[in-house]
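In what follows, a structure is listed as structure tokens, so that the remarks can point back to it.
The values are calculated or read from the model by the stated rules, or taken from the named source; none is laboratory data. Only a predicted model underlies this, so the values are computations on that prediction, with no experimental measurement involved. Cβ atoms come from the backbone with ideal geometry, glycine included; neighbour counts cover every protein chain shown. Ligands, DNA and RNA are stripped out before the accessible areas are found, and what is left, the full protein with its side chains, is counted by its heavy atoms. Shrake-Rupley method; radii C 1.70, N 1.55, O 1.52, S 1.80 Å.
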Amino acid sequence: MPLELTQLLLDHRASGALIADLPPELVPQTADEAYQVQNETVATLGPVGAWKVQPMPASGLPFAAPILAGTIFADGAQLRAMDYPSLGLEVEVAVTLNRDLPLRGSAYTVEDIPVAIGSLHLAFEVLASRFVDRQTVPQLAGIADLQHSGAIVLGAAFPAQPLPDFAGLGIELKIDGHSAGRTEGNATTDNMLTALAWLANHAAARGLALKAGDIVITGARIGPLPVTGRYVEATTQILGGVAAEFS
């Protein structure tokens with residue numbers, strides 16, 4: 001039997017209605033419980049085609065979530081804003097894996113990850129939620145809701161070798177031609193590789209091992225921001241650009 005929160009989230013995904021008041025007894029008490037809801041959700045709605053993982057924090061562990069294959073779109077995607085409740089947008093660096101990373105006897109380390117990255121991309125994560133206000137939902141309830149992931153829009157593929165210095169990656173986001181956000185740097189390349197190694201171990205332990213062709217988005221470099229216009233475009237010298245249109 002799935003957890004009660006799993007069924008509630010699935011019901012609201014199906015109906016499109018949003019949860020205004022989450023009963024306190026349904027809020028996950030641990031990260032493991034939130035991840036159980038994620039696993040039960042993708043078991044019903046799958047398959048999984050991508051993952052999201054936060055940059056490695058200074059202490060503790062990042063959070064992660066599988067992303068449904070049916071919510072991955074190519075550069076220039078035309079999306080309906082009404083399909084993404086609590087619509088928000090993040091600009092991220094994504095990687096596409098070129099090999100499986102199954103459960104094994106020894107843990108994956110940072111040294112294992114570069115050879116498993118087939119390509120690099122600039123990407124949008126489109127945020128959505130089963131909750132009226134995703135920003136006030138208890139953190140672990142949001143993690144259970146696949147970390148509020150609605151969709152990925154994936155930019156063109158760029159070679160992964162050699163890996164660039166992501167700490168100095170300048171990115172600009174424009175909405176309807178007007179600058180909406182800019183960054184001159186964020187998580188380092190080493191930080192990203194550390195988070196990806198952690199994710200490989202985490203996903204395999206959950207029975208959802210990373211596989212060749214999976215996309216991983218690696219944390220917001222701009223955003224989250226509300227989408228206040230129709231046409232969004234992000235650009236960077238190293239990884240080109242990515243665009244999407246909301247109607």
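A few notes on this one:
- Pairs of Cα atoms nearer than 8 Å and 6+ residues apart set the relative contact order; for the range 85-225 it is 39 percent.
- Candidates per trypsin sites (Lys or Arg not before Pro) in the range 1-87, loop by DSSP, up to 11 other Cβ within 10 Å: Arg80
- Charged side chains reduced to their Cβ positions (Lys and Arg at +1, Asp and Glu at -1) give the chain a dipole of some 280 debye around its Cα centre.
- Charge tally around Val153: other residues with Cβ under 9 Å, Lys/Arg +1 each, Asp/Glu -1 each, net -2.
- Carbon plus sulfur fraction of accessible area for the chain, probe 1.4 Å, in percent: 54 percent
- Segment Ala81..Leu103, full-extension length gain: 4.1 nm, with 0.36 nm per residue of separation and the alpha-carbon distance subtracted.
- Charge dipole (the chain, unit charges on Cβ, about Cα centre) - positive-most of Leu26, Ala156, Gly168: Ala156
- Computed from backbone phi with θ = phi - 60° and the Karplus coefficients 6.51, -1.76 and 1.60, the 3J(HN,Hα) list for the range 38-52 is 4, 4, 5, 5, 6, 5, 8, 9, x, x, 7, x, 7, 9, 10 Hz; x is used for glycine and proline.
- Oblate is the label for the range 89-247. Its Cα gyration tensor axes, ordered a ≥ b ≥ c, give a/c of at least 1.5 and b/c at or above a/b.
- Shape call, the range 122-172: gyration tensor on alpha carbons, a/c limit 1.5: prolate
- Remark: the chain carries 44 Å² of accessible area per residue (probe radius 1.4 Å; ligands, DNA and RNA excluded).
- Shape category assigned to the range 14-88 from the gyration tensor of Cα positions, a/c cut at 1.5: oblate
- Estimated vicinal HN-Hα couplings, Hz - the range 175-191 in sequence order (Karplus 6.51, -1.76, 1.60; Gly, Pro = x): 10, 6, x, 10, 4, 10, x, 8, 9, 10, x, 6, 4, 6, 4, 4, 4
- For the chain, the relative contact order works out to 28 percent when only alpha carbon pairs closer than 8 Å and six or more residues apart are counted.
- Of all the options Leu120, Leu225, Leu97, the one that moves most in a Gaussian network model of the chain with Cα springs shorter than 10 angstrom is Leu225.
- Euclidean distance between Cα centres, the range 98-136 to the range 51-72, Å: 6 Å
- Total charge dipole magnitude, the range 102-234, about the Cα centre, Cβ charges on Lys, Arg, Asp, Glu only, Debye to nearest 20: 340 debye
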